[in-house]
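What follows is calculated from the coordinates using simple rules that are stated; it is not laboratory data. Since this is a predicted model, take the numbers as computed values, not measurements. Reconstructed Cβ throughout: ideal geometry from the backbone, glycine too, with neighbour counts over all protein chains shown.
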Amino acid sequence: MKRSTERFLTTHTGSLPRPDDLIRMMYAKEEGVPIDAQALAERVRSAVAEVVKKQADAGVDLINDGELSKPSYATYIKDRLNGFGGTGNTFVYQDLAEFPKLAQKVFGDPGRSRRKTPACNAAISVRDAAAARTDADNLKAALKGVTGAEGFMSAASPGVVSLFFRNDHYKDQDAYLEAIAEAMRDEYETVTKAGFTLQIDCPDLGMGRHIQYADLDLKDFRRRIGAHIEALNHATRNIAPEQMRLHLCWGNYEGPHHRDVPLADIVDIVFGARPHAISLEAANPRHAHEYTLFETVKLPPGKVLIPGVIESKSNFIEHPDLIAQRIGRYAERVGRENVIAGSDCGYGTWVGQAAVDPDVVWAKLAAMAEGARIASKRFWN
C-alpha cells in the first residue's frame, strides 16, 4: 500500500453511488424477482469502469470498485457463505431510541429498509468463492485505463458479520466468530492475491458499543471487541500488514451519535489489529475533535492513519482550506508520511442509500484532492 512520501495521498472508505439502473436491478435481486444474471454481471462490470474513472477524475489516489456488486458492505456475505437463513435480526440503536421520530426516518431510508439480515442457523462455509474473484477482475480491468492509481477492495470483518447476523447455531459468540473468520479468510486472501490492498470494515469496534453490546459496561465491551480483533488477526494471518487497512466507524447514519464510544476508550485495542492503516471518522461533529488524542497517544510503529476529512452524511462540500487544516492537524501529531486523507464513511453503504446526492459526492472528493494539494505545499515545500 502506498504511503504519503512526497505529498498527501487521498482515498475514501469504499462504497460509492450506484447508477439508477443498477440500483433497480439489485433491488429486484434482493426481493427475489427473477433477473437476467448475465445482464446484471455485465452492468456491474461497466459500472465499475465508470466509477473508477470518476474517482481518478476527482483526483483520488487509492481507488476501489465502489462496492457496486454488493447490496451492502456487510450483508453481501449471505450470498457468498452457507449457513445463513431463518428470521432476521432486530436492531436497537441506543442513540436513536431516545429520538423515535428520527429513528423512523433513519430506518425508512430506501436502502436500509430493504436490507436482509437472516440469522446464522447452520454451519458456515464458503458457497461462492468466485464472487470475490469476479470483483477483483472487474477492478483490475477498470484500472487499466488509469495511470498511477492503486486499487483497494473492501470486505466485512468477522465482527461486523456477527453484529448483523444473529447466532442461532454455534455454542457461543467466540465459536461463531471463529467460524466466520475462517470462512472470510478465502475472500481476504483472494483480494490480496489479486494484488489489491484489502480494507476490512470494522464498524463493530465503534458502532457495536451502542447497538450489539449496549448492555455491556465499557470493560466488558473492550473485552468483547478484543475478541473481534483476535478473530480478524487470525483470518488475516497469511496477509502482510502492509497490504491491509482497517475501517473503524460508529455507524453511517444521520443520527445524534451522542452514545458513540469515544475513540480514546478503544484506540489501544484497535491498534492491536494487524492491518497497518486505520481509516476512521474525523470530520463529523461527533468525532472531529479527536485528533487531539494523538498528542498523548503515540501511533505504533508501522501504522498509518486515514482520517476522514470530508463527511459522509452531509451535502455540504467542505472548503479545500478546511480539508487542508484537518489533514494538517493529524500530520502535525503523527507525521506527514503517516497520514492519508479519506472520507468518514461510504456514500453507498446500502443499495439505494442517498444521504448525499451522487453529484455532490464527486464534488466532495474533488475538494478533498484540492485540500490535500494545499496541505502538501505546506508540509513538503
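With both labels modelled 7 Å from their Cα along Cα-to-Cβ, the H258 to L102 distance reads 0.8 nm. Our helix-only sum for the chain, with -39,500 (n - 2.57) per DSSP H run of n ≥ 4 divided by its residues, gives a mean residue ellipticity at 222 nm of -12000 deg cm²/dmol. Once C-alpha pairs closer than 8 Å and six or more residues apart are averaged by separation and normalised to the residue number of the chain, the relative contact order reads 23 percent.
Quick check: net charge around A375, other residues with Cβ under 12 Å of its Cβ, Lys/Arg +1 and Asp/Glu -1? The partial results should precede the final answer.
On the way: positive: R7, R326, R329, R336, R373, K377, R378; negative: D321, E332, E370.
Residues close to A375 contribute a combined charge of +4.
With a ≥ b ≥ c the root eigenvalues of the C-alpha gyration tensor of the chain, is it rounded (a/c under 1.5), prolate (a/b larger than b/c) or oblate? Rounded shape, in that the Cα axes give a/c under 1.5. Springs between alpha-carbon pairs under 10 angstrom, Gaussian network model over the chain: which of P100, P241, P320 fluctuates most? Sorting by GNM fluctuation, first place goes to P100.
Placing dummy labels 7 Å off each Cα toward the beta-carbon, the span from D357 to T5 is 4.1 nm.
Listed cross-link partners K101/K219; K29/K105; K313/K364; K29/K364; K193/K364 are compared with a 20 Å cut-off, the Cα-Cα value being larger for K101/K219; K29/K105; K29/K364; K193/K364. GNM remark for the chain: springs join alpha carbons under 10 Å apart, and the peak mean-square fluctuation among F196, F152, F294 falls on F294.
A simple spin-label model places pseudo-atoms 7 Å from Cα toward Cβ; at A41 and K116 they are separated by 1.9 nm.
Largest mean-square fluctuation among N252, N238, N284, in a Gaussian network model of the chain whose springs join Cα atoms under 10 Å apart, belongs to N238.
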